[in-house]
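Values in this text are rule-based calculations from the coordinates and carry no lab data. Everything numeric here is computed off the predicted structure, so don't read it as measured data.
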Amino acid sequence: MTDTFLDASPDERIALIEARLTASLAPLSLAVRDDSAQHAGHAGAAAGGHYTVTIVSAAFAGKPRVARHRLVYDALADAMQRGIHALAIVAYTPEEFNESSI
């Protein structure tokens, strides 16, 4: 995925992130936002994109926040090495999402 990710347009990068997370975590809801423009001129901006992922998956049930984030990072491992500079993650179980006011 990394070379494909690096060569992709911003919209294609989002689609690749969505595809990888969907295949790994079967989310009930998934939103990926490209925040790279907010970091223009940032020292690390040239190293890759900045993204925010909001994901709802039963795979997170019974897992603390760190373990949930690890599942997301694992699904995007190769892109995290070279194509993604920063990733903000909001990870819910379906029950948590239904109880939230989002």
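Of all DSSP-defined beta bridges confined to the chain, some 45% are antiparallel rather than parallel. Between the Cα long axis of helix 10-25 and the first principal axis of the chain there is an angle of about 30°, rounded to the nearest 10. May I ask for the angle, rounded to the nearest 10°, between helix 65-75 and the longest principal axis of the chain, with both axes built from Cα atoms and the value confined to 0 to 90°? It works out to around 50 degrees.
Look at (i) 1.74; (ii) 1.28; (iii) 1.07: the one that is Cα Rg over 2.2 N^0.38 Å derived from this structure is (iii).
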